[in-house]
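Remarks on the structure that follows.
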Amino acid sequence: MNTIIKTQILLLLVVSLVSCKKEIDINLPETDSKLVVNSFFTGDSKIKVHLSKSIGILENTIPECNDATVIVMENDIIIDTMYKASGYYYSNKKTAINNKYALIVSAPNMDTVLCQDMIPEKITLQSCIFTDSVLIDEDGLIINELKLDFQDSAGPDFYEVELEAKNIANNYTILTWFKKNSDPIITSTGLLDYNPKTLIFSDKMFNGKRCSVKVFYAVQRGVGNYRLKISFRSISEPYFRYKEKQFAYQFSLENDIFSGMSEPVQLYSNIIGGYGIFAGYSTDEKIITVAGK
């Protein structure tokens, strides 16, 4: 068989393979849209809720729910009906620490959903000790230490630490990262690999005792003097369960086929009959001034 015939046969095979395609219609079963409730609420404030509707796997526009009735209960007694403004539903009355709150949400042609949670008692930071430049990471970032001391109460408790740094000269927000954290209280959660924006942990290692937890963090290079706001939150268990799944979910969105695909993550929800989160927290804040490098 000469070269010309071989070439012609090869071309015929290529054309045949390229043209051998078939469109397949996949009939995915329709799923009923459900209400999605999202609200984090705290003491001495009015509950703010964002309502939307769940969508199918092939849809990409999330519809807001603008025609819902949202009833608020406090300690199993109806106290309010929320009003709609600027894309959110708001309560008319302020909340109180240690009280239990619930929502009954109904909308036309949608299943009514229920949710409830309480606002934990605020745990105060008894001291906050800053130590400059305890480590330097592989990228040359200087790592500082915060030692947070507090008295845990009896029973299961959950906590969150968030940091916000702002330049004193211009009030600009400074990039902040949690780096090289090795305190067993924090590492026991198994969440540090997800590069979380906040740190969450439980009191299973110090229930009812005085606790000192060490937090390591770094800021962007070349910043001037800055104020560091430390938000120390007492959070409910639903808040904790939602955040630990959210960290894994957000981390999975940053991965691709080149960095390694993550396993699918099912977000936690305490909304009965729907999706989302309704969770309470209390916050103690401390602000310190740090000399920039």
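The values are calculated or read from the model by the stated rules, or taken from the named source; none is laboratory data. Every value quoted in this text rests on a predicted model; they were computed, and no experiment measured them. Cβ coordinates were reconstructed from backbone atoms using ideal geometry, including for glycine residues, and neighbour counts include every protein chain displayed. Heads up: the accessible areas ignore ligands, DNA and RNA and are worked out on the full protein's heavy atoms, side chains in. Shrake-Rupley method; radii C 1.70, N 1.55, O 1.52, S 1.80 Å.
Here are a few things to note about the model shown:
- Gyration tensor verdict on region 135-293 (Cα atoms; rounded if a/c is under 1.5, prolate if a/b is larger than b/c, oblate otherwise): oblate
- Length gained on full extension, LEU253 to TYR90, computed as 0.36 nm times the residue gap minus the Cα-Cα distance: 55.6 nm.
- The gain in end-to-end length when the ILE55 to SER106 segment is fully stretched comes to 16.6 nm, 0.36 nm per residue minus the alpha carbon separation.
- Cα-based helix-to-principal-axis angle, 237-253 vs the chain, degrees rounded to 10: 40
- Cross-link pairs LYS48/LYS245; LYS84/LYS286; LYS209/LYS293; LYS180/LYS286 - those with Cα-Cα distance over 31 Å: LYS84/LYS286; LYS209/LYS293
- Portion, in percent, of the accessible area of region 29-148 that falls on carbon or sulfur, probe 1.4 Å: 51
- If the chain linking SER182 and GLU237 were pulled fully straight, counting 0.36 nm for each residue of separation and taking away their Cα-Cα distance, it would gain 17.5 nm.
- Partner aspartates and glutamates whose Cα lies under 19 Å from the Cα of LYS34, excluding those fewer than 8 positions away in the same chain, are identified as GLU59, GLU64, ASP67, ASP111.
- Close amide H contacts of SER236 (hydrogens built in the peptide plane, cut-off under 5 Å, sequence separation of 5 or more or a different chain): GLY280.
- Along principal axes, Cα extents of the chain, largest first, whole Å: 90, 56, 41
- Taking the charge dipole of region 158-261 about its Cα centre, with +1 at Lys and Arg Cβ atoms and -1 at Asp and Glu Cβ atoms, the residue from GLY190, TYR217, PHE201 reaching farthest to the positive side is TYR217.
- Overall shape: prolate for region 85-179, with the ratio a/c of the largest to smallest alpha carbon gyration tensor axis at 1.5 or above and a/b above b/c.
- Per-selection Rg to Rh, region 27-145 - Cα, Kirkwood hydrodynamic radius: 1.19
- For the chain: accessible area per residue (Å², 1.4 Å): 59
- Residues of region 118-157 with amide N under 12 Å of the 7 Å Cα→Cβ point at ASN99: 119
- Of VAL37, VAL134, the residue with the largest accessible area leads and the full order is VAL134, VAL37 (1.4 Å probe).
- Taking a Cβ cut-off of under 15 Å around GLY87, the surrounding Lys, Arg, Asp and Glu residues balance to a net charge of +1, with basic ones at +1 and acidic ones at -1.
- Share of carbon and sulfur in the accessible heavy-atom surface of region 149-293 [1.4 Å probe, %]: 50
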